[in-house]
Amino acid sequence: MDRSHKVDISGLLAGSRQLMMVADEVSLEPFEGLVFPQPVAVKLELRQADRMLAVEGSVDAHVHGQCDGCLEDVELELHLDLDERLDPSHGRDVEPFGESNVLTGDRLDVADLAQQSVLSALPMGLRCSAECRGLCSICGSNRNTSECSCHSA
Ligand SMILES: [Zn+2]
Ligand SMILES: [Zn+2]
């Protein structure tokens, strides 16, 4: 990540602006075997609400990985709707971004926000389909595409 994705929200917090629109694209690092071949598209509407920073918007990501069962490639489209309240004065204590630098002072880190949102929404194990039959434990062939002659125990 060489570009800065930090947004200055001081104007919002000071009340001189009502609304900020943010549209950004963020490249994410691979995560536990999952890769993000294209930048994640982030669209945000920021406003101040009761001295909190209200973040609404969406994050769209393409995820590539391997099926846990049969090891075939799996592509996943993630669409996340965001509706969060961040506390500018206690950014570190606010869930769901507790241990993060999403909001530090009057800087919102869009890259961090995108990464945390996507990582928290990823499924625990990718599956090519709910009916994936996995690999034969004896010969290792893909039981979705081939019938091997092994006898199941
Ligand atoms: Zn599979
Ligand atoms: Zn087999």
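The values are calculated or read from the model by the stated rules, or taken from the named source; none is laboratory data. The structure presented is a predicted model; accordingly, all values stated were derived computationally and were not measured. Counting neighbours? That spans all protein chains shown, and the Cβs are built from the backbone with ideal geometry, glycine included. The area values use the complete protein model at the heavy-atom level, side chains included, leaving out ligands, DNA and RNA. Shrake-Rupley method; radii C 1.70, N 1.55, O 1.52, S 1.80 Å.
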Q) So which residues in the stretch 98-125 are within 16 Å of ligand 1 (Cβ to nearest atom) and closer than 30 Å to LEU46 by Cα? A) PRO123
Q) Would you say ASP106 is within 21 Å of VAL7 (Cα to Cα) and modelled with pLDDT of 95 or more? A) no
Q. Take the residues of the stretch 141-153 that are more than 7 Å from ligand 2 (Cβ to nearest atom), over 36 Å from the mean Cα position of the chain (by Cα) and of a type outside the set (Ser, Thr, Tyr): which is modelled with the lowest pLDDT?
A. ALA153
Q: Identify all residues within the stretch 39-71 that are under 11 Å from LEU86 (Cα atoms) and in contact with a Pro (Cβ under 7 Å, 6 or more places away or on another chain); write none if there are none.
A: LEU53
Q. For the stretch 126-140, does any single residue satisfy the condition of being more than 16 Å from ligand 1 (Cβ to nearest atom), open to solvent by less than 50 Å² (accessible area, probe 1.4 Å) and either of a type outside the set (S, T, N, Q) or under 19 Å from the mean Cα position of the chain (by Cα) (or both)?
A. no
